[in-house]
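I have placed the structure first, in the form of structure tokens, so that the comments after it can refer back to it.
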Amino acid sequence: MKTENSIRKAELWELEGFRVGNAQNFEAGTGCTVILCPDGAVCGVDVRGAAPASRETELLRPVNMIERVHGVMLSGGSAFGLAAADGAMQFLSEKGYGFETGFGVVPIVCGASLFDLATGRSDVRPDPAMGYAACKAAEKGEPVLSGNFGAGTGASVGKYLGASQMMKGGLGIAAFAAGNVKCAAIVAVNCLGDVRDTESGKILAGVLNEEKNKICSTGELMLRDIASEKDVFGGNTTLGCILTNAGLTKSQCNKLASVTHNAYARAILPVHTSADGDTIFAMSFGNEEAAPDALGVLAVLAMERAIADAVRSAQ
């Protein structure tokens, strides 16, 4: 029996106040995805991986002053890719969005980058021009495509045995609504481990065997080598962002980002390794009332589906 608050699939565009855009260089195998909220979104973050490349995440601690941000930039390029956020700052400031300082507006753009240097040209990385282009795409309302677009352009998964036996990752998107509360997940899946469909339990992508006709278990391979000093492949990191119209405080956004890592734990095996910089942002723009724990369930559902979408859409 359908109830008033039955969960339904939603669309990214239903999250009012947010604009999302991709930009990429297909030849170089890298790109960036920007989430803009020109009027300012309450934001939180949770970084679980041990090898993050991030920007302005310290501002999101509840004890610090800034309450709202104007954008989040997810990018490839490893630490070099953090420069893409400069393009978003330029775009927003030209439009007059940001905090008024008396000496001009200063937009707040947080960001995080994944390592995709092994899948294309390592000397070409997301830069301010690419970040600006992603903002232009968001402004125009261009379709936000899943797969090898934006921050997922050069993403790959299953890298324990090195680049020769990995599979493609990508950018994934999913959105759900319960009553008037909406929640969307955007994720660039670029993990060391395998990706599992949480609905069926099937492994969708991971480390291939030498014949490249079967997906091995990364966890079993790691346990096999537990007594060795084998270095894991360092080119990883899964980046995600939750968007919601629920009215949240900064502390609640940080908690929502933390809870949403449950989706990573269910869908990526193993996750949060020493060679991943796994990060999730949570952005709130709206005033819909939502029980925080129930919102967490909705966010985890959206992120699980987005992770599956990322590898299913990969080329």
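Within the shell defined by Cβ-Cβ distances under 15 Å, the residues around I307 carry a net charge of 0, with Lys and Arg each +1 and Asp and Glu each -1. Report note on the peptides 94-106, 56-68, 158-170, 186-198: ranked by the mean count of other C-beta atoms within 10 Å, highest first, their order is 186-198, 158-170, 56-68, 94-106. For A51, nonlocal amide neighbours, meaning residues 5 or more places apart or on other chains whose placed amide H falls under 5 Å from its own, are D276, G277, D278. Computed with a 1.4 Å probe over protein heavy atoms only, the accessible surface of the stretch 160-267 comes to 39 Å² per residue. Of L223, L204, L171, L269, the order by accessible heavy-atom surface (1.4 Å probe, DNA, RNA and ligands excluded), from most exposed downward, is L223, L269, L204, L171. The listed peptides 107-116, 132-141, ordered by packing as a protection proxy, come out as 107-116, 132-141 (highest mean of other Cβ atoms within 10 Å first). Label point of K230 set 7 angstrom out along Cα-Cβ; within the stretch 246-287, amide nitrogens under 18 Å from it belong to 269-276. For the chain, with all protein chains in place and a probe radius of 1.4 Å, 51% of the accessible heavy-atom surface sits on carbon or sulfur.
Accessible surface for C37 stands near 0 Å², nearest 10, in the context of the full protein assembly shown (1.4 Å probe). In this structure, E142 and S164 have a Cβ-Cβ separation that, at R0 = 25 Å, corresponds to a calculated FRET efficiency of about 0.10. Each distinct pair of alpha carbons in the stretch 1-142 adds a 1/r term; the inverse of their mean, the Kirkwood radius, is 16.0 Å. Using a probe of 1.4 Å, the accessible surface attributed to T119 totals some 50 Å² when neighbouring protein chains are kept in position.
Are there GluC sites (Glu not before Pro) in the stretch 183-273 that DSSP marks as loop and that have at most 12 other Cβ atoms within 10 Å, and which are they? If you can, show how the numbers build up before the last one.
Details: sites: E199, E210, E211, E220, E229; in loops: E199, E210, E211, E229.
Listed in order of number, the matching sites are E199, E210, E211, E229.
Rounded to the nearest 10 square angstrom, R19 shows an accessible area of 90 square angstrom against a 1.4 Å probe. Check every DSSP H run in the chain and write down those whose alpha carbon atoms cover 15 angstrom or more along the long axis and whose mean Kyte-Doolittle hydropathy is 0.5 or greater. What comes out of the filter, once short or polar helices are dropped, is 292-312. A straight Cα-to-Cα reach below 26 Å connects K136 with the lysines K95, K182, residues fewer than 8 places away in its own chain not being considered.
Remind me, what semi-axes does the stretch 1-68 give for its equivalent ellipsoid, largest first in whole Å, using sqrt of 5 times each Cα gyration tensor eigenvalue?
Details: eigenvalues 145, 98, 44 Å².
Output for the stretch 1-68: semi-axes of 27, 22, 15 Å.
Mind grabbing the base-10 log of I(q)/I(0) for the chain at q = 0.07, 0.13, 0.14 Å⁻¹? Debye formula, identical points on the C-alpha positions, no solvent, two decimal places. Per q value, in the given order, log10 I(q)/I(0) is -0.24, -0.84, -0.97. With every protein chain in place and a 1.4 angstrom probe, the accessible-area ranking of R55, R305, largest first, reads R305, R55. Of the residues V207, V144, ranked by 1.4 Å probe accessible area with the largest first, the sequence reads V144, V207.
The values are calculated or read from the model by the stated rules, or taken from the named source; none is laboratory data. Remember, predicted model here, so these are calculated numbers, not experimental data. Don't worry about glycine lacking a Cβ; one is built from the backbone with ideal geometry, like all the others, and counts go over all protein chains shown. What goes into the accessible areas is simple: the full protein's heavy atoms, side chains included, and nothing from ligands, DNA or RNA. Shrake-Rupley method; radii C 1.70, N 1.55, O 1.52, S 1.80 Å.
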